[in-house]
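Participant: To start, I am sharing the structure in question, which I have written as structure tokens.
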Amino acid sequence: MRRLIIFSLLTLSPGLFASACEIEISPPSIVVRFGDSLLANCSLPSCKVNGIGWESSFGGIGLQTGVSSLPLKIEKVEAWEIEPQCYVNTLDPRTGTSAQLIEDLKVTVYQMPDSVFMSQASSKMVEGQQYLIECRINNVAPVSNLSMFWHKGNEIFHKETFKESSSSPHNVSSNYRLTAHRDDNENQIWCEAKLNLWPYGQGPPPMKSELRRMTVLYPPTFMKSANETVEVAAGGNVTLNCTATANPMPVYKWHFSDATQEEVNKQQMNEPILTLSFHLQGNYSCTASNSQGSTSKYFTVIETEGDRTAFIAIVTSLVLVGVLLVIGGLYFVKQDGTFSFKGRGPSEVI
Ligand SMILES: *[C@@H]1O[C@H](CO)[C@@H](O)[C@H](O)[C@H]1NC(C)=O
Ligand SMILES: *[C@@H]1O[C@H](CO)[C@@H](O)[C@H](O)[C@H]1NC(C)=O
Ligand SMILES: *[C@@H]1O[C@H](CO)[C@@H](O)[C@H](O)[C@H]1NC(C)=O
Ligand SMILES: *[C@@H]1O[C@H](CO)[C@@H](O)[C@H](O)[C@H]1NC(C)=O
């Protein structure tokens, strides 16, 4: 903001006069931590100066004559709102015009929070239920330049800013209603307070709350959830997979339609994966359960003859190749037992 107040002889080319004489404040704006020092310089490089002064609610300097620049130095900034103004009395020798120029220095006084605290929602959450979590930031200023980020694992899932006109420190809090999901199990959650007063990457790092590891309880879900029908050749073996994800770890139980199967597979009754090697045909089911619930999955095993036909075909062709080899051997091997390489080798017969 630039204010130009012309005191006298307003009639003579005030436009030219104004453009020739401009206050420069370096730096033009300052972000300073409460209690730190502040330094700014006010100068008028291209005009005749009668006097310069700094007016400020905190640490002002009276009008100084015979200088062309005047630094404002405050050893300790101990006020939340200071708006220093540099004022300059000028005189244009050609016209005899005198004027007062005034320029504001924008000062933002900040304070990093004393603490960032996240409430203990619950040590164990149940999937699908909602939990109210609160993040509290103590004694931060200015609140209008504060952002609160909620982190979960690698993502920022909520952000909040605050409307507050006062520049002094305040306590603020942000609430979030989190619906527990199994993907959050073992994930870390925390919140961060950041003052947006500097270009990206500059200024103090954001202040974090403690990290909290989430535990989400959820019922078993099978990796492959649909019921399965498995075809297997008689005499082969088969694995039935009932592995489920769950928290806490599920316990498994198999059920057999055939009582003798139950006897034979006693060892595997509580395993997630069942391997059957004979008397396969039948219905099987498994149940995975934990404190959050239980789920069942059904398998139907069918023994097929189809694979036996294929097996016979392979055996038949192997026998045929053997016969050819014997014939080939009789034909190409010489009387003394060595091979003759003039003819086609046995490998090429195959
Ligand atoms: C203030 O600015 C003037 C003009 O640019 C310069 O000569 C002077 O050294 C500066 N003073 C300080 C304290 O930076
Ligand atoms: C912020 O909270 C702390 C402790 O809860 C309290 O001591 C302090 O006075 C509060 N500050 C403000 C500005 O209300
Ligand atoms: C602080 O926030 C205010 C209001 O949102 C904004 O006008 C001002 O530019 C911000 N300050 C900085 C240094 O970004
Ligand atoms: C699996 O089969 C059982 C019993 O036949 C049935 O109750 C259930 O709905 C089936 N589940 C699926 C996912 O098809």
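The values are calculated or read from the model by the stated rules, or taken from the named source; none is laboratory data. Fair warning: this is a prediction, and the values are worked out from it, not measured in the lab. Neighbour counts run over all protein chains shown; Cβ positions are idealised from the backbone, glycine included. Heads up: the accessible areas ignore ligands, DNA and RNA and are worked out on the full protein's heavy atoms, side chains in. Shrake-Rupley method; radii C 1.70, N 1.55, O 1.52, S 1.80 Å.
Participant: If R0 is 45 Å, what FRET efficiency do you get for Lys124 and Asp36 from their C-beta distance, rounded to 0.05?
Facilitator: So, using R0 = 45 Å, E works out to roughly 0.50.
Participant: Leaving out ligands and nucleic acids, and using a 1.4 Å probe, what accessible area per residue does the range 17-146 come to in Å²?
Facilitator: Per-residue accessible area for the range 17-146 comes out at 48 Å².
Participant: Accessible area of the range 22-74 with a 1.4 Å probe: how many percent of it is carbon plus sulfur?
Facilitator: Of all accessible area on the range 22-74, carbon and sulfur atoms account for 48 percent.
Participant: Mind listing which GluC sites (Glu not before Pro) in the range 45-98 are in a DSSP loop and have 11 or fewer other Cβ atoms within 10 Å? Kindly include the intermediate steps, with their values, before the conclusion.
Facilitator: Numbers: sites: Glu55, Glu75, Glu78, Glu81; in loops: Glu75, Glu78, Glu81.
Sparse-neighbourhood loop GluC sites (Glu not before Pro): Glu75.
Participant: Counting only the backbone N, which residues of the range 169-185 are under 19 Å from the spot 7 Å out from the Cα of Tyr131 toward its beta-carbon?
Facilitator: 174-185
Participant: Using 20 Å as the cut-off for backbone N distance, which residues of the range 156-196 belong to the label zone defined by a point 7 Å from the Cα of Asn139 along Cα→Cβ?
Facilitator: Of the residues in the range 156-196, 166-174, 192-196 have backbone N under 20 Å from the label point off Asn139.
Participant: Could I ask something else about it? Could you work out, for the range 118-172, what percent of all Cα-Cα pairs fall into each 10 Å distance bin, beginning at 0 Å and stopping at the bin that holds the largest distance?
Facilitator: Computed distribution, short to long bins: 19, 43, 26, 10, 1.
Participant: Arrange the residues Trp80, Trp190, Trp150 by how much accessible surface each exposes, largest first, with a 1.4 angstrom probe.
Facilitator: Trp80, Trp190, Trp150
Participant: How far apart, in nm, are the 7 Å Cα→Cβ label points at Leu91 and Glu75?
Facilitator: 3.6
Participant: Taking amide H positions as placed 1.01 Å from N in the peptide plane, with prolines and chain starts having none, which residues 5 or more places from Trp198, or on another chain, fall under 5 Å of its amide H?
Facilitator: Residues meeting the criterion, in which the H sits 1.01 Å from N, do not exist here.
Participant: Right, something else. I'd like the carbon and sulfur percentage of the solvent accessible area for the range 89-179, probe radius 1.4 Å, heavy atoms only, ligands and nucleic acids excluded.
Facilitator: Roughly 43 percent, rounded to a whole number.
Participant: Would you calculate the separation in nanometres between label points at Glu155 and Lys48, each defined as 7 Å from the Cα along the Cα-to-beta-carbon direction?
Facilitator: Going from the Glu155 label point to the Lys48 one covers 7.0 nm.
Participant: Also, I was wondering about something else. In the range 152-170, which residues have a backbone nitrogen under 17 Å from the label point lying 7 Å from Phe117's Cα in the Cα-to-Cβ direction?
Facilitator: Answer for this model: 170.
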